[in-house]
1. Report residue 36's accessible area, 1.4 Å probe, all protein chains in place, as a number in Å² to the nearest 10.
2. Non-local amide H neighbours of residue 155 (under 5 Å, H modeled in plane, Pro and chain starts lacking H): which ones?
3. Using 1/(1 + (r/R0)^6) with R0 = 30 angstrom and r between the beta carbons of residue 165 and residue 90, what's the FRET efficiency to the nearest 0.05?
4. For a quick check of your reading of the filter: which GluC sites (Glu not before Pro) in the range 31-109 sit in a DSSP loop and have no more than 10 other Cβ atoms within 10 Å?
5. For a quick check of understanding: with a 1.4 angstrom probe and all protein chains in place, what accessible area in square angstrom does residue 65 have, to the nearest ten?
6. Taking θ = phi - 60°, what integer Hz values does the Karplus form 6.51 cos²θ - 1.76 cosθ + 1.60 yield along the range 124-136, in sequence order, with x for Gly and Pro?
7. Could you pull out every residue, at least 5 positions away or on a different chain, whose amide H is within less than 5 Å of the one on residue 66? Hs are placed 1.01 Å off N in the peptide plane, and Pro or chain starts have none.
8. Three principal axis extents, largest first, for the C-alpha atoms of the range 106-171, in Å?
Amino acid sequence: MKILKILTLTFTFGFLGILASAPAFSQAVSFGVGADVTFPQEDLEELVSTGYGATGLAKIGIIPIVDITGGVEYIKFTDKSITVNNVTEEGTGSAFGILVGGRLNFLVFAYVGAEGGTYSFTKKVAGSEQNVTRGVFVPQLGVKLGMFDLSARYISAAEDSFWGLRGLIWF
């Protein structure tokens, strides 16, 4: 667990270093804000329902078809009624992620990409709370239309996996 946190910090500071030196070698540095809608899978689906969240993202154009990305996101999952030992309780949860990755742009308006990093999950059921941090891999496929960006993603986080749609506006 400690190694995962060290790797995440290393990636984050590495990305910030690239961002700081970006004007020397990049085409453009862009910042975006957006919204997420997510659909839990695996064991997470048994505890919570659809999630809604916000994303802050930075993108550095290395060459015309390659971008490096990094960002943070917060997702709040909607409550779900679940039965534990014949008692119906509300399951609720949230997730906070730090991700870095890249994109390969093709066809002028489309891209494929992948990100890696960590998600910290908080799950509450029947009065007990569980906090867990997981390393994640996030493949994605998206389209760009001017300053708008829409992507479909799968967040692979063991039993806390989910897929989602993310819409961004780039500045």
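1. Taking all protein chains as shown, residue 36 has close to 10 Å².
2. So residue 155 has HN proximity to 162, 163, 164.
3. Working: r = 25 Å, r/R0 = 0.84.
According to the calculation, E is roughly 0.75.
4. Values: sites: 42, 45, 46, 73, 89, 90; in loops: 42.
Hits after loop and neighbour filter: nothing returned.
5. Its accessible surface works out to 90 Å², give or take rounding.
6. These are the phi-based 3J(HN,Hα) values: 10, 9, 6, x, 9, 10, 10, 10, 9, 10, 10, x, 10 Hz.
7. 105
8. The Cα atoms of the range 106-171 stretch 49, 19, 17 Å along their principal axes.
The values are calculated or read from the model by the stated rules, or taken from the named source; none is laboratory data. Please read these numbers as outputs of a predicted model, since none were measured by experiment. Neighbour counts are summed over all protein chains in view; Cβ atoms, including those assigned to glycine, are modelled from backbone coordinates with ideal geometry. In case anyone asks, the SASA skips ligands and DNA or RNA and just uses the protein heavy atoms, side chains included. Shrake-Rupley method; radii C 1.70, N 1.55, O 1.52, S 1.80 Å.
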